[in-house]
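K.L.:
Here it is, the structure in full.
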């Protein structure tokens, strides 16, 4: 054993309360008292480990210091993935720190010290809930939760994936809680407090599992901290300060029955901190001696107020080593390196000691795989997911391709983490960064001339500062979490939102949509001037509720704030208006549509947006002779809702889908449509839209196409004609129909209208009739167009889809009876994908699509599916790719497919069961995406599937997947292998899958094998 | 915890004739989007003896400030010579840059300024009435003195919560130490030792 006290690790003599070594072993953090605040410091590990590095002045010792805590810092802890540092202090706060990637080193301006912050760590979130000093913080395995405990007697569990969300506040201690430790399997968390108790809490329901008091009954509240620890095999929990026969001990608590039969004895004063070595060891094999199987054991360090430190092996009865007088004051914290051979100890006296052990002393550490197999034997749950990083360091890379790949990965990771790594070359501030091709120097030269200066209303100067670096606040960005839905990109947002309307036929869409803007005003960006005008001109008191432009232009403009508030005030009015007219209008209108829209019905109105529309419709209603009917209908909507029919919030909420169109108003209100006279006909199973004097809708965004229908516009020779008018990119055409139009739909390619006489007419986007009128057996219930496909759902519960381009039927009068089994089930949603696949959502939460190749209904989504609830693939979600939330599958399943939210609570579920459920779920998703012919979604789920297989170590399935994607290397006539699926080239997909496989070195042979074959094929 | 950190202040156009405008290029970093503007001021201390002669040269709003690192140049006209005591025109004085957020000062950066004649003749025998056209202003840019104050960064809604987080010592609870009322600045040497850093 070697011992070192690096004198340069100090808080200027102030106490150091906590120390923690980064998982990668390159740095460590200390926390304690600063000059007039709390202080967190991050240090370079290299100068501790190597004397030459300590002497080398080019190697920085201190990497960063943070004075942000207002009072003494009691605890610092790195997350298991090493990305975050959590600190808790007397200021009642927990701060979570992240390395700022884009900003190089800098000194503190005006500071006396020449010590530059080599790395920039900044607070990404502050967790406020405790009402007293925070004494200890702990990250759960897999960094799912962060726990903090405080002198306010509580323990708070924070959602580490969604700071600052609080999961639970554990109450039960009646004294200051001074220490926390997680069970390595994640099933429990244990806490020790001044109330003479150690409590174990379950993570499943956050209830108390055990309350252990006996060994602590004699204890006085005399220690600053009570840092307890759980053994890496999970079998033992060792407490801090306990008493046995009036002597201070560290109590060993067995997981099995929480028995307290053993303890570590010998310290003369209270034990402040216990820390298990993260490794499990086995006896060192002596050269020559026959290898006999020995029981694995753990290693544990105990620090005490008596200033001494003892290190124990669970295989020995006496301590391995006891070190006295290492410090002048109480030991406060201990941290092991992940290798298990190094240990840092800090003390109230403001110093830190480093202990270095050899394998001879401790034994042979088990590698991660062996450790996992121990876990799996005991708990049936593998921790393989966490171990990939650790494995990397020990597994030999077998071929240059893999090495190259791994190096590329590392490089890109380094590039991401910015230039300020601990190397000497980067310690100089790099201010010559380049922006838009202009160096910072150039910018500075002209800054005064270039900067934007305005005058405020009261005549004051206002300068808009030039942003020279964006702060990466990473995934904890508050903006991300406060604005509920994250849209994948700004490109087609208006499309998505409009189409959302179309696919939505549940009874309550109007209200949920109307309310949306108040939930996430962030989604709206500054309206263009014309739109602003429209807003201000608005005299009807009805505000347009959604006004969308490209999302990429979101700017924090103050002027917008007021607009948001105005809008949220108006929202209730909008909702009311909409429900009273039973959702007649498309709710939103993109800015580019504004000019194109000329509402003939409201000539006196000059404004342009959707309020215009509403005004028009209001007028229609009041002029209409059928007003009573409509009112009654409106009443029925309300009634239906009261009955508690499941509201499809999931679907009504932020669904996006760029592939269907704005609908005829009709199919959004199946409930109310049930009322009209048609209801008398028993054969009609599905509701039909009621006839209106006039209506209009937007059928496409790009190009923008508007449809207007006016029924019974003229009477020529006794026959009543209806007019269909269409405006496409500002160009109008119109045509006349001999019967009243019930509903209409369109896409950028085709338009379809269904008439009262059960005739369906199809026109090209320029108004040319494409097909002769189609006679339908029963009236139309819903009509959709998408690309060159037309879908009709008739009141007789049959479905037809035609390909207008090829003039062919894809689906012919297919009955819905198969899926409409049961009495109460109704169609709540229907849509048509761009590929012409019809999808029907039912009120029981199931969604089906009709596969024309299989000529059958296939189930693509089931909200009640237990697999959905239990599948846990969160660790496999791609980090860069935005989730595909706009495909038909996502639409039908709802956005709230919360990636196994429940699953984390089910850690008691046997691992193999959970693994099975997740696999089944992921395979279901792929199959559904395939049937829906939704290529992007297929790719998305395929990649998650691959990642999951890689994490779970399922080589058999992985190999099959690769084989399918690669196909036969040599072509032969007999091969039935299709090189593409849904238009995606399978080998391209394989190229995407391979890097995922390469992340786990265990599969390097598989990686190499397929990498080589791909290369071979490419060279051919 | 301060949401805005001043990273650097570069003194431009220095040294320069007395009548030239002051120019400071200020680089700061903001941890999160600020809903309100920052207000920066340049205060010229006319006389080391008394605060009476302090002149606010200009104040400017800076915004919007999203999270990130930003820079701007703050330019303000030279002090009104009529307001400077004749005896204090030549020699060392101080210029201050302060920044406030929601009316609370959180940083104060002070520089020594040396005003002297460039002409050796004049330097030897300075005229009784200072000749400002001949004076050169030299800001001791290498030696800024920075004082930082804890303030309440949150809006009123959070005020209660934030108060709890502030160390409950009586003089901090008012958020502003008595010395930071803008314009009332004791001479540099007597600056509060709140979190003073010397270079």
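The values are calculated or read from the model by the stated rules, or taken from the named source; none is laboratory data. Here the structure is a predicted model, which is why all the values come from computation and not from measurement. Please note: Cβ atoms are built from the backbone with ideal geometry, for glycine as well, and neighbour counts cover all protein chains shown.
K.L.:
Go through the range B:1-115 and tell me which strands (runs of 3 or more DSSP E), entirely inside it, have 2 or more residues that are without any contact (Cβ under 8 Å) to a residue 40 or more places away in the chain and more than 9 Å from every other protein chain (Cβ to nearest Cβ).
P.N.:
Numbers: elements: B:4-12, B:22-30, B:38-45, B:54-62, B:68-76, B:91-101.
Hits in the range B:1-115: B:54-62.
K.L.:
Take the range A:78-97 and flag every residue that is surrounded by fewer than 21 Cβ atoms within 10 Å (Cβ to Cβ) and assigned to a strand (DSSP E or B).
P.N.:
none
K.L.:
Kindly provide the set of residues from the range A:715-760 that are closer than 14 Å to residue A:689 by Cβ and in a strand (DSSP E or B), ordered by number. Outline the logic, then answer.
P.N.:
First, pick out the residues of the range A:715-760 that are closer than 14 Å to residue A:689 by Cβ: A:740-745, A:752-756, A:758, A:760.
Scanning the range A:715-760 gives A:741, A:742, A:743, A:744, A:745, A:752, A:753, A:754, A:755, A:760.
K.L.:
A further question on this structure: Among A:124, A:134, which is the only one that is in contact with a helix residue (DSSP H, G or I) (Cβ under 7 Å, 6 or more places away or on another chain), under 30 Å from residue B:6 (Cα atoms) and within 14 Å of chain B (Cβ to nearest Cβ)? Steps first, please.
P.N.:
Numbers: A:134 fails: in contact with a helix residue (DSSP H, G or I) (Cβ under 7 Å, 6 or more places away or on another chain).
Just a single option satisfies the conditions, and that option is A:124.
K.L.:
Hey, could you check the range A:837-853 for residues that are modelled with pLDDT under 85 and in a loop (DSSP other than H, G, I, E, B) and say which is surrounded by the fewest Cβ atoms within 10 Å (Cβ to Cβ)?
P.N.:
Here the answer is A:853.
K.L.:
Any chance you could count how many residues in the range A:59-70 are touching a residue at least 40 places away in the same chain (Cβ under 8 Å), within 14 Å of another protein chain (Cβ to nearest Cβ) and in a loop (DSSP other than H, G, I, E, B)? So that I can check it myself, show each step before the final result.
P.N.:
Looking only at the range A:59-70, we keep the residues that are touching a residue at least 40 places away in the same chain (Cβ under 8 Å), and these are A:59-66, A:68.
Those still in the list that are within 14 Å of another protein chain (Cβ to nearest Cβ) too: A:64-66, A:68.
Filter once more, keeping what is in a loop (DSSP other than H, G, I, E, B): A:68.
Number of matching residues: 1.
K.L.:
Tell me which residues, restricted to the range A:981-991, are surrounded by 15 or more Cβ atoms within 10 Å (Cβ to Cβ) and either in contact (Cβ under 8 Å) with a residue 40 or more places away in the chain or within 23 Å of the chain's Cα centre (by Cα) (or both). Steps first, answer last, please.
P.N.:
Taking the range A:981-991 and keeping what is surrounded by 15 or more Cβ atoms within 10 Å (Cβ to Cβ), we get A:981-982, A:984, A:986-987, A:989-991.
Result: A:981, A:982, A:984, A:989.
K.L.:
For the range A:74-88, indicate whether the set of residues that are within 14 Å of chain B (Cβ to nearest Cβ), modelled with pLDDT of 85 or more and closer than 30 Å to residue A:142 by Cβ is non-empty. So that I can check it myself, show each step before the final result.
P.N.:
The initial filter retains those residues of the range A:74-88 that are within 14 Å of chain B (Cβ to nearest Cβ), namely A:87-88.
From what is left, the residues that are modelled with pLDDT of 85 or more are A:87-88.
Adding the requirement that they be closer than 30 Å to residue A:142 by Cβ leaves A:87-88.
Among the residues of the range A:74-88, at least one is within 14 Å of chain B (Cβ to nearest Cβ), modelled with pLDDT of 85 or more and closer than 30 Å to residue A:142 by Cβ, which makes the answer yes.
K.L.:
While we're on this one: Of these, B:22, B:28, B:18, which one is touching a helix residue (DSSP H, G or I) at 6+ places or on another chain (Cβ under 6 Å) and surrounded by 20 or more Cβ atoms within 10 Å (Cβ to Cβ)? Talk me through it step by step, then tell me what you get.
P.N.:
Values: B:22 fails: touching a helix residue (DSSP H, G or I) at 6+ places or on another chain (Cβ under 6 Å); B:28 fails: touching a helix residue (DSSP H, G or I) at 6+ places or on another chain (Cβ under 6 Å).
Exactly one residue qualifies, and that residue is B:18.
K.L.:
State whether the residues of the range B:164-180 include one that is under 24 Å from residue B:10 (Cα atoms), within 11 Å of another protein chain (Cβ to nearest Cβ), modelled with pLDDT under 85 and surrounded by 15 or more Cβ atoms within 10 Å (Cβ to Cβ).
P.N.:
Step one: filter the range B:164-180 for residues under 24 Å from residue B:10 (Cα atoms), giving B:180.
Subsequent filtering for residues that are within 11 Å of another protein chain (Cβ to nearest Cβ) retains none.
Scanning the range B:164-180 turns up no residue that is under 24 Å from residue B:10 (Cα atoms), within 11 Å of another protein chain (Cβ to nearest Cβ), modelled with pLDDT under 85 and surrounded by 15 or more Cβ atoms within 10 Å (Cβ to Cβ).
K.L.:
Among (1) away from chain B (no Cβ under 14 Å); (2) in contact (Cβ under 8 Å) with a residue 40 or more places away in the chain; (3) surrounded by 18 or more Cβ atoms within 10 Å (Cβ to Cβ); (4) within 30 Å of residue B:150 (Cα to Cα), which single condition is residue A:33 missing?
P.N.:
Just one mismatch for residue A:33, condition (1).
K.L.:
Part of a loop (DSSP other than H, G, I, E, B) and farther than 24 Å from residue A:981 by Cα: does that describe residue A:793? Break it down into steps so the answer makes sense when it comes.
P.N.:
Numbers: part of a loop (DSSP other than H, G, I, E, B): no; farther than 24 Å from residue A:981 by Cα: yes.
For residue A:793, the condition - part of a loop (DSSP other than H, G, I, E, B) and farther than 24 Å from residue A:981 by Cα - is not met.
K.L.:
Okay, next question. Are any of the residues in the range A:42-58 under 29 Å from residue A:128 (Cβ atoms), crowded, with 20+ Cβ neighbours inside 10 Å, touching a strand residue (DSSP E or B) at 6+ places or on another chain (Cβ under 7 Å) and more than 14 Å from chain B (Cβ to nearest Cβ)? Spell out the reasoning first.
P.N.:
Quick first cut of the range A:42-58, residues under 29 Å from residue A:128 (Cβ atoms) only: A:42-43.
Right, trim to crowded, with 20+ Cβ neighbours inside 10 Å and you get A:42-43.
After this cut, where a residue has to be touching a strand residue (DSSP E or B) at 6+ places or on another chain (Cβ under 7 Å) as well, the list is A:42-43.
Remaining after also requiring more than 14 Å from chain B (Cβ to nearest Cβ): A:42-43.
Looking through the range A:42-58, at least one residue is under 29 Å from residue A:128 (Cβ atoms), crowded, with 20+ Cβ neighbours inside 10 Å, touching a strand residue (DSSP E or B) at 6+ places or on another chain (Cβ under 7 Å) and more than 14 Å from chain B (Cβ to nearest Cβ).
K.L.:
Can you find even one residue in the range A:733-746 that is more than 18 Å from residue A:833 (Cβ to Cβ), buried (at least 19 other Cβ atoms within 10 Å of the Cβ) and under 40 Å from the mean Cα position of the chain (by Cα)?
P.N.:
Yes; the residues of the range A:733-746 include at least one that is more than 18 Å from residue A:833 (Cβ to Cβ), buried (at least 19 other Cβ atoms within 10 Å of the Cβ) and under 40 Å from the mean Cα position of the chain (by Cα).
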